[in-house]
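What follows is a single structure, written as structure tokens, with notes after it.
What follows draws every value from the coordinates through simple rules; no lab data is involved. What you see is a predicted model, and the numbers here were worked out from it, not measured in a lab. Note that we place each Cβ from the backbone using ideal geometry, even for glycine, and neighbour counts take in every protein chain shown.
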């Protein structure tokens, strides 16, 4: 938008009265000056400061209709402080060319009832043919501008909803999945027979030699001592079942293991086979898991 003051530039709005009238503070909003072809619509707006200059005389406004070879005035929209002239291009040049929107002469009725003349000068616009653009050197490079970048789309509400829904979903999953997981992890940390079962499974892959049997027996003894909270032997076997009543069904094989262990460590009998000890470890680990539920 450029403020137009009388005698400032060629082609601007001029307004005068018979005896030394002041310049009108009219403003014009012109369309872009390039990129048109037949059928396109252009708008010129004239803005008037009614508090200072008065009002436009409706009788001075142009009437819709053909305006020369290139343009047709389709609409004249008035408002208290503005008038909009809507033109349509009704012809097509054979090659890129410039044509002028026509000059418009208006009358302004001042607040004291006087009449002042104002003129909107011609405004040049560049037009091109529909089927063939023609030589580019006929259009000055200053008329060509880069494409406008698309306005970014505000996706913050969608992102916030996604975050809220994701948080709610994670909360539900955590509420359902964490307690069983916690029980399982805590059981594994405090499950001596489960660890013994894994250790004996590895030892059984090394054969059934005396040394492997002794290592397996030590693993089982360590698990029994952890479960009972004391060093377990035949004379304090009940301490294990007081601490873990769920192991009561395995009392007989545990007692037999302790008998074989005493004979192996303090006598000359060989330790029980690794597979037999691994079977007992699996049984105790299963009972241990049932008790933890």
Gained length - residue 119 relative to residue 251, 0.36 nm times residue gap less alpha-carbon distance: 36.0 nm
Geometric extent, Cα atoms of segment 187-292 - Rg, Dmax (angstrom): 12.9, 38
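Quick check on the exposure proxy: order 28, 37, 155 from fewest to most C-beta atoms within 10 angstrom. Please report the intermediate quantities before stating the final value.
Numbers: 28 18, 37 15, 155 9.
Fewest-to-most ranking of 28, 37, 155: 155, 37, 28.
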Computed E for residue 233/residue 170 - FRET, C-beta separation, R0 45 angstrom, nearest 0.05: 0.35
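Going by how many other Cβ atoms sit within 10 Å of their own, how do 90, 46 line up, fewest first? All intermediate terms of the calculation are to be shown ahead of the outcome.
Values: 90 15, 46 22.
With the fewest neighbours first, 90, 46 line up as 90, 46.
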